[in-house]
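Structure first, commentary second.
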Amino acid sequence: MGAIVLAVLYLKWIENLCYNINNVNDERNEKMMLICPHCGAPLVREGQALRCRNGHSYDIARAGYCNLLQSSRSGEHTGDSREMVMARRRFLDRGYYAGLAEALCAQVHNLAAGYGAVRLVDAGCGEGYYTRKLAQILQASGQLAGSVGIDISKSATQYAAKRDPLTQYVTGSVYHMPVAGNCADIVCSIFAPTPAEEFRRVLKPEGVALCVVPGAEHLWELKCAVYDTPYKNREEKYSLDGFQVKDRRKIMYRVHIDNADDIQTLFAMTPYAHRTPRCGLERLHALRELDVTLSFLLLTFCPQIEQSAFPEKGSMIY
Ligand SMILES: [Zn+2]
């Protein structure tokens, strides 16, 4: 008898949870001003789909993300694979990059003070490790007007959506974001491409782009272990056409990694992973533990009032 009562209570609790999550989903869609990747009209949620007034419809997966890739091919085979997403998620869950996440949250908290309600877009959000924390910070201060995470990888957006009911995750390209123009207060780009023109389009005139790029010493010990002549990253090269630097912070600390799996995942997260010679890879695979420096530049850009004549198309900061 007791077991039946418990089972009924459990089912009620699940029902209530689903109801609450659906309500959050409705709200997060309405507020983010997602647009149809086909015709550019606003998307509105109807049941388990996002629809535009011209009849284009996009299913919302059970996990909560929506595939808005313009191409007829699904996001299954683009961006990071499921295995890479899972490896990176395990790595990030161990907290090595928590120091960066804290610094990002502090900066978004500071910036939000100037805005009141904040609409956040995380361009190239991956599995949402940072997006989720940023949305939580804004929610905690009652300033979250909307949060959207965009990534080309379907696996990444799927994982992100499962863990973050505050953000609407969509599979899409950061070069053609399915987001209305002039609607975002903050666009984040954390180790992701930074198409300046597209950032300008989605940002309000008083909005900012918050970019994280590797600092000079990032992964120095790892590079020394793998390469004969390692180079430091050039910090001075980072810029964003049509924007000026409003704030520049450096975050640097060391972490101890005590297993080969995490070392290899960390290496796979870098751009060097695809261009390292075999002897370097052999040295990498022999590493069992490592004390390594993590170094990041946290750059806040605001749009230049007087835009330079013709910014380069599709410019990137790295
Ligand atoms: Zn449409």
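The values are calculated or read from the model by the stated rules, or taken from the named source; none is laboratory data. These numbers come from a predicted model, not from an experiment. Cβ coordinates were reconstructed from backbone atoms using ideal geometry, including for glycine residues, and neighbour counts include every protein chain displayed.
What to note about this one:
- Just one of the listed residues (Gln244, Gln307) is of a type outside the set (A, V, I, L, M, F, W, C) and at pLDDT below 95, namely Gln307.
- Set Leu138, Leu222, Leu144: member being under 28 Å from Ser57 (Cα atoms), of a type in the set (A, V, I, L, M) and more than 15 Å from the chain's Cα centre (by Cα): Leu144
- Assessment of region 184-196 against the conditions (at negative phi and more than 18 Å from the chain's Cα centre (by Cα)) yields no matching residue.
Quick grid of which residues meet (1) at pLDDT 95 or above; (2) within 13 Å of Leu297 (Cα to Cα):
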| site | (1), (2) |
| --- | --- |
| Gly181 | yes, no |
| Glu217 | yes, yes |
| Glu235 | no, yes |
| Tyr238 | no, yes |
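- Test: residue in region 170-192 that is in contact (Cβ under 8 Å) with a residue 12 or more places away in the chain and either basic (Lys, Arg) or part of a helix (DSSP H, G or I) (or both): no
- The residues of region 196-211 that are outside any helix (DSSP H, G or I) and either among the aromatic types (Phe, Trp, Tyr) or surrounded by 22 or more Cβ atoms within 10 Å (Cβ to Cβ) (or both), listed by number, are Leu203, Gly207, Val208, Ala209, Leu210, Cys211.
- From the list Ala160, Ala113, the one residue that fits, being buried (at least 23 other Cβ atoms within 10 Å of the Cβ) and either among the small types (Gly, Ala, Ser) or out of contact with any strand residue (DSSP E or B) (no Cβ under 9 Å at 6 or more places or on another chain) (or both), is Ala160.
- Some residue of region 28-37 being touching an Asp or Glu at 6+ places or on another chain (Cβ under 7 Å), more than 15 Å from the ligand (Cβ to nearest atom), under 30 Å from Arg249 (Cβ atoms) and at pLDDT below 90: no
- Of all residues making up region 233-266, the number that are closer than 30 Å to Glu197 by Cβ, charged (D, E, K, R) and part of a loop (DSSP other than H, G, I, E, B): 2
- Val170 under 22 Å from Asp247 (Cβ atoms) and among the β-branched types (Val, Ile, Thr): no
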